[in-house]
Amino acid sequence: GEDVEQSLFLSVREGDSSVINCTYTDSSSTYLYWYKQEPGAGLQLLTYIFSNMDMKQDQRLTVLLNKKDKHLSLRIADTQTGDSAIYFCVSGGYNKLIFGAGTRLAVHP
Amino acid sequence: DGGITQSPKYLFRKEGQNVTLSCEQNLNHDAMYWYRQDPGQGLRLIYYSQIVNDFQKGDIAEGYSVSREKKESFPLTVTSAQKNPTAFYLCASRRGLRDGANVLTFGAGSRLTVL
């Protein structure tokens, strides 16, 4: 079946940039999404990108998409302690969303 | 404010018991979903419903049941047939954006522990 892979853990220093990567297999994905989950809570949409785009910027967030390699990345500039959470890469469409296992981002002083 | 309310937040169950997790939304969304989350794994789809009185099995429906009698409500029953029910359960609803993207709004989750 279709799959999304991402590294499970990332540690960064406060103020540095964080880059979370994922690869996906579903070539039919029209949109790709990043969701954020804080401890003990549900997920919330962070950003998304249309599959025909290479890049999308939204304040501190930059999403890069390499459709040929099926590689998606999320860059968080000036990472803060409040950014500590699990970040999920999501592919697929409509009722068949495929979630990666999530990358736990730890921000330390 | 509109949103999704899940209850209870924590639930303990003895083996052999059925339990029902509540999910209510006031977002006027047609489609609703139940996901299961286990540590170190992505979310897995249990059931979804696109309209009242209709629902479909997801990837891991065995041992679970749902109903959709009202647009606002999509309860999940974890039956005794579910072999490993201890997990974090997330309910979500979907809205379509003007640009074609489909965005899920999640509840805060219900953590079920089987004793």
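Length gained on full extension, A:ASP54 to A:SER28: 7.8 nm, using 0.36 nm per residue less the C-alpha separation.
Determine, for each peptide in B:101-110, A:52-61, the mean count of other beta carbons within 10 angstrom over its residues, then list the peptides with the highest first. Present the calculation step by step, with values, prior to reporting the outcome.
On the way: B:101-110: 20.2, A:52-61: 11.6.
Per-residue mean Cβ counts within 10 Å order the peptides as B:101-110, A:52-61.
Relative to its Kirkwood radius, the Cα radius of gyration of chain B gives an Rg/Rh of 0.96. Using 7 Å Cα-to-Cβ label points, what is the A:GLU5/B:ASP99 separation (nm, one decimal)? Each label point is offset 7 Å from its Cα along the Cβ direction, giving 2.9 nm.
Just A:GLY93, A:GLY40, A:GLY15 to compare: in a GNM of chain A, with alpha carbon springs under 10 Å, which one fluctuates most? Residue with maximal mean-square fluctuation among A:GLY93, A:GLY40, A:GLY15: A:GLY40. In the elastic network of chain B, a GNM with C-alpha springs shorter than 10 Å, the most mobile of B:ASP30, B:ASP59, B:ASP99 is B:ASP99. The number of Lys pairs in chain B with C-alpha atoms less than 26 Å apart, excluding pairs fewer than 8 positions apart on the same chain, is 9. Ordering B:GLN56, B:MET32, B:SER7 by Cα displacement along the dipole of region B:1-75 toward the positive end leaves B:SER7 in first place; charges were set at the Cβ atoms of Lys, Arg (+1) and Asp, Glu (-1).
Taking a straight line from the alpha carbon of A:LYS68, these lysines sit under 27 Å away, with near neighbours fewer than eight places off in the same chain left out: A:LYS36, A:LYS56, A:LYS96.
Every read-out reported here was derived from the displayed coordinates using simple, explicitly stated rules and does not represent laboratory data. Predicted model, so just to flag it, every value in this text is computed and none were measured. Using ideal geometry, Cβ is built from the backbone for each residue, glycine included, and neighbour counts are taken over all protein chains shown.
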